[in-house]
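Worksheet for the structure shown next.
The values are calculated or read from the model by the stated rules, or taken from the named source; none is laboratory data. Note that the structure is a prediction, hence the values are computed from the model and not measured. FYI the Cβ positions are ideal-geometry reconstructions off the backbone, even for glycines, and counts take in every protein chain you see. We work out accessible area using only protein heavy atoms, side chains counted, and drop any ligands, DNA or RNA first. Shrake-Rupley method; radii C 1.70, N 1.55, O 1.52, S 1.80 Å.
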Amino acid sequence: QVQLVESGGGLVQAGGSLRLSCAASTNIFRFTSMAWYRQAPGNQRELVAALTRGGSTNYADSVKGRFTISRNTANNQVYLQMDSLKPEDTAVYYCKAREGVAVESPVYWGQGTQVTVSS
């Protein structure tokens, strides 16, 4: 079974930076895409950043220019570098991996890591 484990969350002041890591239990080239989502209290889970197997990226408008998704294929890890953090970035951040091209293709989720940004 595929396992994804997030780390790197914590408490940071507005304007600060954090780097989240997602460690996969398998070769990340098996996935068509990997992504970071977040969920704040009372809100739906939303896409933050995505990275395809071919290296293309996609970001939510709210984080463009501030967040960067990247990978280390040798270590099977995906990262989310978060700069210029704002209080509205406070949420639980989840790593997601997807196989295949169909909507029903397998999807895997990590357990999440808390990011709290103080004003």
Task: Max mean-square fluctuation residue, GNM over the chain, Cα-Cα springs under 10 Å, options Ser70, Ser62, Ser33 - done: Ser62
Task: Accessible solvent surface per residue of the chain, calculated while the other protein chains remain in place, 1.4 angstrom probe, Å² - done: 52 Å²
TODO: Decide, for region 6-76, between rounded, prolate and oblate: order the square roots of the alpha carbon gyration tensor eigenvalues as a ≥ b ≥ c, take rounded if a/c falls under 1.5, and otherwise choose prolate if a/b is larger than b/c, else oblate.
DONE: prolate
Open item on the list: Run through region 1-75 and list the trypsin sites (Lys or Arg not before Pro) located in a DSSP loop whose Cβ has at most 12 other Cβ atoms within 10 Å.
Closed with: Lys64
- [ ] Have a look at Thr26, Thr73, Thr57 and tell me which one the Gaussian network model of the chain (Cα, springs below 10 Å) gives the largest fluctuation.
- [x] Thr73
Task: Among Val103, Val48, Val78, residue whose mean-square fluctuation peaks in a GNM of the chain (springs only between Cα atoms under 10 Å) - done: Val103
Open item on the list: Tell me which chymotrypsin sites (Phe, Trp or Tyr not before Pro) from region 54-119 have a DSSP coil assignment and no more than 14 other beta carbons within 10 Å of their own.
Closed with: none
Task: All Cα pairs of the chain, percent lying beyond 25 Å - done: 17 percent
Task: For the chain, the longest site-free run once GluC sites (Glu not before Pro) in DSSP loop states with at most 16 other Cβ atoms within 10 Å are removed - done: 1-98
Open item on the list: With a 1.4 Å probe and all protein chains left in place, how much of the accessible area of the chain comes from carbon and sulfur atoms, in whole percent?
Closed with: 46 percent
